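To start, the structure itself, in structure tokens.
The values are calculated or read from the model by the stated rules, or taken from the named source; none is laboratory data. None of the values given here were measured: they were computed from a predicted structure. Cβ sites come from the backbone with ideal geometry, for glycine too, and all protein chains shown count toward neighbours.
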Amino acid sequence: MPHFPTSDELIKILDRILDGSRNENDINLLRQCLRRVNGQNQVQLANNIVNIAEGNGVHIGDRITYQGAIDEETKTILRQLQQILQESQVSISSNFSPQTPTEKFLVNTNSHKQVSPLPSELNIFEFEVVTVDHKGKETKRYRTQAEYFVEDLGNSVVLEMVSIPGGNFPMGASREEEASQEDERPQHLVNIKSFFIGRYPITQRQWRAIANFPKINHYLKPDPSCFNGDNLPVERVSWYDALEFCERLSQKTGRQYRLPSEAEWEYACRARTSTPFHFGQVITDKLANYCGKNDNINSINRQCTTEVGSFPANTFGLYDMHGLVWEWCADYEHDNYQGAPLDGSVWVDDGNEEYRILRGGSWGHPVNLCRSTSRFSEAATTKDKQIGFRVVCSLI
């Protein structure tokens with residue numbers, strides 16, 4: 001018999017939906033709940049009859065009704081589901097089809113608020129890409145282009161969001177990759193859908209702009225960072241702080257902003273490369289800000305952050321994916337990739353909910369922890385001068 005969610009599990013599922021960290025399994029569990037009911041299980045919300053078991057859209061409204069013979073356990077859980085949905089006053093829409101295995105939700109604090117479409121025309125920017133050999137010697141330098149749109153945050157503060165084309169890639173490290181760890185395995189093929197991601201980590205100037213927007217769940221300090229500078233990455237922000245930032249940004253813009261899944265982050269970092277770094281087999285202090293004292297290449301140790309965009313981009317047009325600051329991802333901590341989703345979605349099945357994934361390394365960490373496949377995790381409450389984040393905007 002399929003696993004039947006308890007009331008506590010249902011509450012956790014809805015919490016994940018509300019904070020943007022839900023995945024397809026959460027919705028499948030809700031469907032299983034209704035499939036336990038004999039006959040056609042209909043839920044009436046906002047005077048519209050929908051069928052959750054069939055995967056159709058759901059909009060929170062006045063009441064839930066159900067048909068068929070129902071045991072007391074099911075009734076209790078459905079009543080709790082009704083109460084939570086009514087109290088949250090959140091609109092949740094699902095776009096699901098056999099060709100679209102991942103479900104996307106639009107979560108808004110105002111159920112009548114319309115989601116703003118992405119710009120119909122994107123801007124183009126040029127940038128330089130560098131590759132190096134195993135000794136760090138430059139082997140190639142060329143210019144290329146990428147598409148992006150600009151989000152206006154007010155007071156001349158903008159956020160540049162780069163278009164990342166969909167595709168598939170082998171996520172994780174092979175046993176042959178030098179310095180790779182067991183938590184980076186098994187290597188597995190993941191299919192990624194198109195999305196937009198920040199050209200740079202969130203800066204202190206961008207953070208300050210959003211911190212001054214109305215609070216949604218909790219207060220954000222306007223200036224939390226250890227190292228001060230408008231164009232330095234914001235740091236000393238927890239996973240919950242980053243989530244609040246995304247929610248305020250979503251409310252401000254009408255678009256769906258969130259933290260990247262771990263798979264999206266690695267795909268964006270690799271930018272179709274298979275080497276440990278998108279630059280090649282190694283990195284040098286001319287390519288990234290990291291702790292250079294522990295590698296085999298003569299590098300300097302800056303011991304602080306540097307302005308975003310100080311080093312060359314990858315072929316997707318993204319800067320500072322190696323080093324500078326660790327970047328929060330949405331996923332739970334897992335010991336390895338056994339059972340990881342293959343569709344690039346956020347991994348919140350099992351695992352450690354209290355700890356969240358960090359990627360990319362930092363100015364204070366050695367080169368091996370800055371590899372594209374390197375994984376780290378910290379308590380979601382952690383605030384550290386080596387931790388920041390960048391945001392993703394989902395395609396609607």
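State all residues of the range 343-357 that are surrounded by fewer than 14 Cβ atoms within 10 Å (Cβ to Cβ) and either closer than 25 Å to ILE164 by Cβ or not polar (S, T, N, Q) (or both); if no residue qualifies, say none. Hits for the range 343-357 are ASP350, GLU354.
Each row is one residue, and each column tells you yes or no for (1) charged (D, E, K, R); (2) under 22 Å from ARG205 (Cβ atoms).
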position: THR305; (1), (2): no, yes
position: ALA313; (1), (2): no, yes
position: HIS322; (1), (2): no, no
position: ASP331; (1), (2): yes, no
position: TYR355; (1), (2): no, no
position: THR373; (1), (2): no, no
position: THR382; (1), (2): no, no
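There is at least one residue in the range 298-318 that is among the small types (Gly, Ala, Ser), in a loop (DSSP other than H, G, I, E, B) and touching a strand residue (DSSP E or B) at 6+ places or on another chain (Cβ under 8 Å). What do you reckon, is SER163 buried (at least 17 other Cβ atoms within 10 Å of the Cβ), modelled with pLDDT of 95 or more and over 20 Å from GLN206 (Cα atoms)? So SER163 fails the test. Screening the candidates ASP350, ASP331 for the property of being assigned to a strand (DSSP E or B) and of a type in the set (Asp, Glu) yields one hit, ASP331. I'd like the full set of residues that are surrounded by fewer than 24 Cβ atoms within 10 Å (Cβ to Cβ) and aliphatic (A, V, I, L, M), limited to the range 312-342. Listed by number, the residues that qualify are ALA313, LEU318, ALA340, LEU342. ILE124 satisfies every condition listed in (1) aliphatic (A, V, I, L, M); (2) part of a strand (DSSP E or B); (3) touching a residue at least 60 places away in the same chain (Cβ under 8 Å) except (3).
For the range 268-291, the criterion of being under 14 Å from the mean Cα position of the chain (by Cα) and either modelled with pLDDT of 95 or more or hydrophobic (A, V, I, L, M, F, W, C) (or both) is met by at least one residue.
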